[in-house]
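Contents: one structure, followed by commentary.
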Amino acid sequence: MTSTEVHPASEPARWVYLDRIRTRPGPSTNPDVFSPEAAAAAMETMKILVIGAGGLGCEILKNLALSGFKDIHVIDMDTIDISNLNRQFLFRQADVGKYKAEVAARFVEKRVKGIKITPHNCKIQDFDEDFYMQFQLVVCGLDSIEARRWINATLVNMVDEDVEDSYKPLIDGGTEGFKGQARVIIPTITSCIECQLDMHAPRAAVPLCTLASIPRQPEHCIEWAHLIAWDQEKPFPQLDKDDPEHITWLYQKALERAAEFNIPGVTYSLTQGVVKNIIPAIAATNSVIAAACCNEALKIASNCAPALGFPEANYMMYSGNDSIYTYTFKHEKKDDCPVCGQLARNMDVDPTWTLRELVDSFAARPEAQLKKPSVRAEGRTLYMQSPPSLEAQTRPNLDRTLVELGLEEGQEIAVTDPAFATVTFKFKLKFKQ
Amino acid sequence: MTEIVMSQTPPILHGPSEKERKYDRQLRLWAASGQAALESANILLVNSGAGTVGAETLKNLVLPGIGRFAIYDEAQVEEADLGVNFFLDDSCLGKSRSQSLRDLITELNPDVQGTWYPNEGVKTLESLLADSPVFTAIIYTHPIRLDQLSQLKAYGQQHKTPLVAVHSAGFYSYFQINLPGAFPIVDTHPDETATTDLRLLTPWPELVAFAEGLTKDIGGLDNFEHGHLPYVVILLHYLEQWKAAHDGKYPTTYKEKTEFRKVVQDAARTGNPEGGEENFDEAAAAVLKTLVPPSLPSGLKEVFEYEHSDPVEQRSGFWLIADAVKQFYEKHQCLPLPGKLPDMKAQSKVYIQLQGIYKAKARKDAAEILQMVQAAPGGERVDPAEVDLFCKNAAFVKLINATGGGGSSSSSKISRADRLKSAAALEFANDETAAFTLAPLSLLPIYLALQATAHAVDKPLNADGILAVVAEQAPGAEQNERVVQAAQEVARAAGGELHNVSALTGGMVAQELIKIVTKQYIPIDNTCVYDGIVARCQVLRL
């Protein structure tokens, strides 16, 4: 069964362990797609893109460099903060303030000979389709849902059925504490990030009236300071969540509020956590999830073993809180996915709502999560966020109810959001009884 | 109405220290107590084989600030190391692998001390073990020489040191934790949704009085007050009414509870401008989850029933508190109240008062338990904070390795070899029906195939060689088709590691060591097998 011959592409002594696996079939290798002679050589010229050079990104760069990828690009707009050092192992105290992508790329290039890593210290939105078209694979290690949705929509849009090279597999990882997930998306073929959006529902926001008049938890006091007191008192021109002075101001405000209502538990750390929406993160979990992603990258690039998404299971969930538990399954593609599906997605609404209530509800809906939605219905513009002239023109509609606007049960509306410029989210209205 | 005096010391108004900022993202997981435990730990890595999975494990322990580590590794750095191990570079070629790894890993965190062996002074593993301060835990990687393995096992037994065996080859890996005895964890960090314990079916006098005070004229309340009654109070009020109509009995069956839920739903006012009441929605939603009689969770039951064979262990703080909680449970037929009140729609003042009633009861229960602890021999040494923590977490306390340690239950007498045979029989039987039950296939074949090469130090085994060893350890398993395939896959790697698989395994091993060192969260019991082809893990007790 196992052929004994190894087919190295370069430096056989150095890559001996890797070549034993990627250039020799095992019992699970699919002989129709695997070529022992071509596997290593193909990876020498393959271009792979890493998005994010943070906790996952540092690990991903290391892992890809030691998986035989030679031409790696990395995008990250962030600079290094001291709180990164407990896990972002390519950075040192002296690097604080420098660009993550730059420092990470130089470090891995220096450590692993024969690798080229090109850093891009900017946003993913700064590049167009031509840029993304040059890569064969994209690996994401991001903490933002919005950035994931953007790259997902971009890669889905790039697919041209007649051009095989236009399908860019997207491998995505995410962690929180001892938990995480790794998933593989073959744009338009398998379930995409937008199909899976409701698995990452936003945390329910506390109603404003609770913050304003009946706080009960330390978090309510902090959100009050953040959302209400700051706007009233404007102690600094613009809130900078990374500025300790600003956080201290919010902390003190929250403390005063808590003392007034006898609420225990406001601390500096909690203030920072609530205001910045900090997600706990450790090196060990990043190591697990980044490696799970890069293991799939190696399998996809070499065909030396079946990868996630081809075509069965495409999602691995990992939890380390209580023992270790993984759940590897197939997330089904959704026909009503606004990005990769054809159908409009059902949306429960109350016909007596004003358009404003509908517009405001998009942010919290797990299936939408849109912060700046513009709404059209059958060619009519109901509300546009921009340009200002159109906004002013459509603003009066906000106070009219859905019925008054002539919307009907079962009608389709089209929603756009500047964060996802290429996507039109189609929803079919379902009136609540 | 109970007047609760809140004592709130104003916190000091300074920002976090440099260290708190650096470790902020992990302190949110294991707090200062976990960090202190980590910083006083001293870990030994006995590195052998291709050597990457050990280095990756250490990386994940050094970054969060483990106190000290030592690496014992007899290998010299070869060209093949540079293609798989990130903590070695070209300048290390031909040098001691342990020294090179030590150098490039300590670079990750200036707070951590690292040493390397063998060196001029300490030439063998035996002398290292004899001359070092006691290690908190030892990790060793396969394949390892048999004589070194027995030295480590003897050390583990003598010093009660947890041992972790790790094996990574090609797409497969496993690791196995050998704890020196029963390992109890109090601070298990259960999911927050699981921790609500409101005692609505066994309310105590202060809670009853509070609820009655707010609801005695429930019909006369104005809409604002009615719409801000805490759901706990709403449920207590309608439970009383229910009891009065049902011979003093609470709703117990599913049918009764749904009927009761309807009663609560119908009591909401709908003539108000909002057309309903959120607090009544919350109350109705809480019925099925919170109207449960007190019971003994299985984890704690195991603690209560545990029989000691080690008198030293029996006098530890944990077991003294566990005995007291057991006494408390037998006396009151319930556990000490954790005292945490979930958020619910309510006016600030009313909520804070209600919260105070729960906290006061929790303090009272904890004080009673502390008294019981202190009445026991040795109990005066127990830290009251430890008692508080136990009381808060009592329902989620967990005993790991209950049968592998000092316990006298019959299963601890079963030898590891027999346990492997029975696990094989069970796992393969499950696989027979997996097509119908849709259960994932067992990863035991991977363990068997890797384990067969655990001591193949000089020369990797081919598939036939692997199956021959499997046949000795689990007779018959060598015939299983999936075991044959696993043997072929292990032979494909010929002892080589894939970086990704070792990085992933090193991440899991580090998570487990952090759990063991901090005594927080729940470690595996006791073997975790990973299959990098199907991207899945399985935990087995072997």
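Of note:
- Just so you know, in the stretch A:267-304 the residues that are assigned to a loop (DSSP other than H, G, I, E, B) and either charged (D, E, K, R) or surrounded by fewer than 24 Cβ atoms within 10 Å (Cβ to Cβ) (or both) include one that is nearest to the other protein chains (Cβ to nearest Cβ), and it is A:Pro280.
- Residue in the stretch B:452-467 that is over 23 Å from B:Gln148 (Cβ atoms), more than 14 Å from chain A (Cβ to nearest Cβ), surrounded by 13 or more Cβ atoms within 10 Å (Cβ to Cβ) and of a type outside the set (Gly, Ala, Ser) present: no
- Every residue from the stretch A:138-166 that is among the charged types (D, E, K, R) and outside any helix (DSSP H, G or I): A:Asp143, A:Asp160, A:Glu161, A:Asp162
- Condition met for B:Asp343 (in contact (Cβ under 8 Å) with a residue 12 or more places away in the chain, of a type in the set (Asp, Glu) and outside the structural domain of B:Pro205 (by TED's automatic domain parsing)): no
- You will find that of B:Gly220, B:Gly181, the residue that is more than 14 Å from chain A (Cβ to nearest Cβ), out of contact with any strand residue (DSSP E or B) (no Cβ under 8 Å at 6 or more places or on another chain), surrounded by 13 or more Cβ atoms within 10 Å (Cβ to Cβ) and small (Gly, Ala, Ser) is B:Gly181 and no other.
- Residues located in the stretch A:314-328, provided they are more than 7 Å from chain B (Cβ to nearest Cβ) and either assigned to a loop (DSSP other than H, G, I, E, B) or not polar (S, T, N, Q) (or both): A:Asn314, A:Tyr315, A:Met317, A:Tyr318, A:Tyr325, A:Tyr327
- Enumeration of residues in the stretch B:260-308 that are under 35 Å from the mean Cα position of the chain (by Cα), loosely packed, with under 15 Cβ neighbours inside 10 Å and of a type in the set (Ser, Thr, Tyr): B:Ser295, B:Ser298
- For the stretch A:193-208, the count of residues that are at the interface with chain B (Cβ under 9 Å from one of its Cβ atoms), within 26 Å of the chain's Cα centre (by Cα) and of a type outside the set (A, V, I, L, M) is zero.
- Restricting attention to the stretch A:244-266 and to residues that are among the charged types (D, E, K, R) and at pLDDT 95 or above, the residue that is farthest from A:Ile82 (Cα to Cα) turns out to be A:Glu260.
- A:Thr328 vs. criteria polar (S, T, N, Q), under 21 Å from A:Ile185 (Cβ atoms), touching a residue at least 12 places away in the same chain (Cβ under 8 Å) and in contact with a strand residue (DSSP E or B) (Cβ under 9 Å, 6 or more places away or on another chain): yes
- Test for B:Gln511: is it part of a helix (DSSP H, G or I) and facing chain A (nearest Cβ under 9 Å): yes
- Only listed residue being under 30 Å from A:Pro12 (Cβ atoms), away from every other protein chain (no Cβ under 14 Å) and part of a loop (DSSP other than H, G, I, E, B), chosen from A:Phe89, A:Phe135: A:Phe135
- Apart from one condition, A:Pro311 fits all of (1) part of a strand (DSSP E or B); (2) surrounded by fewer than 18 Cβ atoms within 10 Å (Cβ to Cβ); (3) touching a residue at least 40 places away in the same chain (Cβ under 8 Å); the exception is (1).
- For A:Arg148: the one exception among (1) of a type outside the set (Gly, Ala, Ser); (2) touching a helix residue (DSSP H, G or I) at 6+ places or on another chain (Cβ under 7 Å); (3) surrounded by 15 or more Cβ atoms within 10 Å (Cβ to Cβ); (4) within 24 Å of A:Leu298 (Cβ to Cβ): (2)
- Of everything listed in (1) more than 14 Å from chain B (Cβ to nearest Cβ); (2) over 27 Å from A:Leu155 (Cα atoms), the single unmet condition for A:Ala101 is (2).
- Extreme residue, surrounded by the fewest Cβ atoms within 10 Å (Cβ to Cβ), among residues of the stretch B:514-535 that are more than 9 Å from every other protein chain (Cβ to nearest Cβ) and not in a strand (DSSP E or B): B:Lys519
- Among the residues of the stretch A:9-20, none qualifies, meaning not one is within 13 Å of chain B (Cβ to nearest Cβ), under 33 Å from the mean Cα position of the chain (by Cα) and among the β-branched types (Val, Ile, Thr).
- Subset of the stretch B:230-276 (residues that are among the hydrophobic types (A, V, I, L, M, F, W, C), in contact (Cβ under 8 Å) with a residue 24 or more places away in the chain, in a helix (DSSP H, G or I) and closer than 17 Å to B:Ile218 by Cα): B:Val232, B:Val233, B:Ile234, B:Leu235, B:Leu236, B:Leu239, B:Val263, B:Val264
- Considering (1) surrounded by fewer than 17 Cβ atoms within 10 Å (Cβ to Cβ); (2) more than 22 Å from the chain's Cα centre (by Cα); (3) polar (S, T, N, Q), the lone condition that B:Ser316 does not fulfil carries the number (2).
- Test: B:Gly65 is closer than 24 Å to A:Leu56 by Cα, in a loop (DSSP other than H, G, I, E, B) and within 14 Å of chain A (Cβ to nearest Cβ): yes
- Some residue of the stretch B:334-354 being within 30 Å of B:Tyr231 (Cβ to Cβ), within 14 Å of chain A (Cβ to nearest Cβ) and among the aromatic types (Phe, Trp, Tyr): yes
- Among the candidates B:Gly213, B:Gly156, residue that is among the small types (Gly, Ala, Ser), in a helix (DSSP H, G or I), modelled with pLDDT of 95 or more and crowded, with 18+ Cβ neighbours inside 10 Å: B:Gly156
- In the set (1) touching a Gly at 6+ places or on another chain (Cβ under 7 Å); (2) in a loop (DSSP other than H, G, I, E, B); (3) not small (Gly, Ala, Ser), the condition left unmet by B:Phe135 is number (1).
The values are calculated or read from the model by the stated rules, or taken from the named source; none is laboratory data. The model shown is predicted, which means the values in this text are computed figures rather than measured ones. Ideal geometry is used to build each Cβ from the backbone, glycine not excepted, and the neighbour counts take in all protein chains shown.
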